[in-house]
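Read through the structure below, which is laid out as structure tokens, and then see the notes.
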Amino acid sequence: MKEIQVMDVMEAVGKMCIKANTELPQDVRNKLEQAMAEETSSSAKEVLRQLLENADLAMETKLPLCQDCGLAVFFVEVGDDIKVVGGNLREAINEGVRKGYAEGYLRKSACDPLTRVNTGDGTPAVVHFDLVPGDKLKIVFMPKGGGAENMSRVTMLAPAQGWEGIKNFVINRVAEAGPNPCPPTVIGIGIGGTFEHSAKLAKKSLMRNLEDTHSDPEIAAREKELEEALNALGIGPMGLGGKTTVLGVKINMEPCHLASLPLAVNVQCHSQRHEEVVL
Amino acid sequence: MAEYTLTTPLTDVDTIQLKAGDVVFLNGIIYSARDAAHKKLFELLDSGKELPFDLEGSAIYYVGPSPAPPGRPIGSAGPTTSYRMDSFAPRLHSLGMKASIGKGKRSDEVKAAMKEFKGVYFGATGGAGALLSNSIVESTVIAFDELGPEAVRAMKVKDFPLLVINDCHGGELYVKPKLDTAE
Ligand code: SF4
């Protein structure tokens, strides 16, 4: 059994919170640059130019890329052959969030749903644990902004609606969201599982590298089909029109009940911040 | 599309000339207020109390900045999504607010209020909070400190870069999604 100290988890999480919020990942930067090269409208180009300048400035000043430093979302893969010592893993992650959000001058955006009183330290984080074989602890972090999250939806389609139904729902969702979620967006789609699992699948798909291709060629083709359809909407950067409404579409699919076709659309903004660490 | 440099407080003369798509560099004092602050402002209005700032000619920025690190007046400070303030904006326009600053679509009621009271809706680039903070030279909390990032701040801005999204003549800059080509 490999032992992992909670102190090391806390340190790593604290650093990740700061890095993710201040350094735009390379895959996202590449996509924005590619979009800038392809856009012909001057307003679309100007928005993309500002976003790239913003990323440079954040890197240089350590100011967060966006004032909305998100609700802290984690996907944690716990290897069967590790033992976390010195405390509780979930608490160590929350402690790392407290530390990172305080030391990085990040905005703490967690609040009571009804009284709206801020918890003051960015916690509790939303943590999804998964048990996997091996002796590693993998922590993937995403600060999830509220603007894009608010545009997300879960729906239970009838099985007969199939791919066409899925496609229609996604297109209408992105069209309806329009400029609200800070386009160009990344669309994470969860298909299958149960009501709650589809949403988790969608969220998890957003953790993928933007430039990767799905390992299943059939799903990869559907991702491409949707990406083209969504870009044909012409919403463009910040809703000012243009070729780039989305930077990417990611699909995560699992079997579901005979009677159901759960579909979750998790909208993510261009500030597609994500970080991971393996301990 | 024209370019203007304007200073708050804004007047009818300032806003009537603006058309959707125009670029405006805004100067002077603007006030930050988002969800929780709007609720508190309305409680004050409903109980006949004075607001923490003068609405006449004002520009309200829908923003909840990140904390100011040492040596800077403010942290990242980009716009939040405006529709959540749609239920508040018409009354504020009727009481003198000239401009709101945010991102995303407004309701028909807000657009009608802008027509009636010569108001304007400016868009700032969402997710460019670090860059936009460069145009904010001073920031002071003037009310509801307990709201943290949602407190009302008086922000002094220098050439704050904005786009006219909705003007007071019914013009709108946002494009309509082309649903027919997508499906
Ligand atoms: S949607 Fe994303 S980029 Fe836009 S304000 Fe929210 S977190 Fe920032």
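Taken together, the values in this text are just the output of simple stated rules run on the coordinates, not laboratory data. Remember, predicted model here, so these are calculated numbers, not experimental data. We place every Cβ from the backbone using ideal geometry, glycine too, and count neighbours over all the protein chains shown.
What is the packing order of peptides B:8-18, A:192-202, B:158-168, taking the mean over residues of other C-beta atoms within 10 Å and listing the highest first? The partial results should precede the final answer.
On the way: B:8-18: 16.5, A:192-202: 19.2, B:158-168: 22.0.
Averaged packing, sorted descending, gives the order B:158-168, A:192-202, B:8-18.
If Rh is defined by the Kirkwood formula over all Cα pairs and Rg also comes from Cα, what ratio Rg/Rh do you get for the stretch A:35-119?
Details: Rg = 18.8 Å, Rh = 16.5 Å.
Rg/Rh: 1.14.
What is the mean projected area of the alpha carbon convex hull for chain B, to one decimal in square nanometres? Kindly include the intermediate steps, with their values, before the conclusion.
Values: hull surface 43.9 nm².
About 11.0 nm², averaged over all directions.
What is the calculated FRET efficiency for A:Ser260 to A:Arg90, with r their C-beta to C-beta distance and R₀ = 41 Å, to the nearest 0.05? Mind dumping the intermediate values first?
Values: r = 31 Å, r/R0 = 0.75.
Taking R0 as 41 Å, the efficiency between A:Ser260 and A:Arg90 is 0.85.
Quick check: convex hull of the Cα atoms in the stretch A:147-273, volume per residue, rounded to a whole Å³? Please list the in-between numbers first.
Working: hull volume 11.4 nm³, N = 127.
Per residue, the Cα convex hull of the stretch A:147-273 comes to 90 Å³.
For peptide A:67-76, what's the mean number of Cβ atoms from other chains within 10 Å of each residue's Cβ? List each step's numbers first, then the result.
On the way: counts 19, 12, 6, 0, 0, 0, 0, 0, 0, 0.
Counting Cβ atoms of other protein chains within 10 Å of each residue's Cβ and averaging gives 4.
One-quarter of the Cα convex hull surface for the protein assembly as shown, in nm²?
With every direction weighted equally, the projected area is 22.2 nm².
Using only the alpha carbon atoms of the stretch B:79-124, find the Kirkwood hydrodynamic radius as the inverse mean reciprocal pair distance, in angstroms to one decimal.
On the way: mean 1/r = 0.0984 Å⁻¹.
About 10.2 Å for the stretch B:79-124.
Which whole number gives the average count of other chain Cβ atoms within 10 Å of the Cβ atoms across peptide A:195-207? Provide the component values of the computation, followed by the final result.
Details: counts 0, 0, 0, 0, 0, 0, 0, 0, 0, 0, 0, 0, 0.
Across the residues of A:195-207, the mean count of other-chain Cβ atoms within 10 Å is 0.
Any idea what diffusion coefficient the stretch A:226-279 gets from Stokes-Einstein, in µm²/s, Kirkwood Rh on alpha carbon pairs, 10 °C, 1.306 mPa s? Provide the component values of the computation, followed by the final result.
Numbers: Rh = 13.9 Å.
Using the Kirkwood radius from Cα pairs, D works out to 114 µm²/s.
Take the residue pairs B:Lys19/B:Lys103; A:Lys243/B:Lys111; A:Lys200/B:Lys178; A:Lys31/A:Lys224 and return only those whose Cα atoms are more than 19 Å apart.
Numbers: B:Lys19/B:Lys103 17 Å; A:Lys243/B:Lys111 27 Å; A:Lys200/B:Lys178 30 Å; A:Lys31/A:Lys224 15 Å.
Checking Cα-Cα distances, A:Lys243/B:Lys111; A:Lys200/B:Lys178 exceed 19 Å.
Report D for the stretch A:147-195 in µm² per second (integer): Stokes-Einstein, Kirkwood Rh on Cα pairs, 20 °C, 1.002 mPa s.
182 µm²/s
Just to be sure I understand the model, the point goes 7 Å from the Cα along the line to the Cβ. What's the resulting B:Asp159 to B:Val23 distance in nm?
1.1 nm
Give me the inter-chain shielding for B:56-69: mean count of other chain Cβ atoms within 10 Å, whole number please. Before the final figure, lay out the partial values.
On the way: counts 0, 0, 0, 0, 0, 0, 0, 2, 5, 3, 15, 10, 2, 6.
Across B:56-69, the average partner-chain Cβ count within 10 Å equals 3.
Between A:Ala220, A:Ala72, A:Ala158, find the one with the highest GNM mean-square fluctuation for chain A; connect C-alpha pairs within less than 10 Å.
Of A:Ala220, A:Ala72, A:Ala158, the most mobile in the Gaussian network model is A:Ala158.
Which cysteines does chain A leave without a neighbouring Cys Cβ under 4.7 Å?
That list is A:Cys17, A:Cys66, A:Cys69, A:Cys111, A:Cys256.
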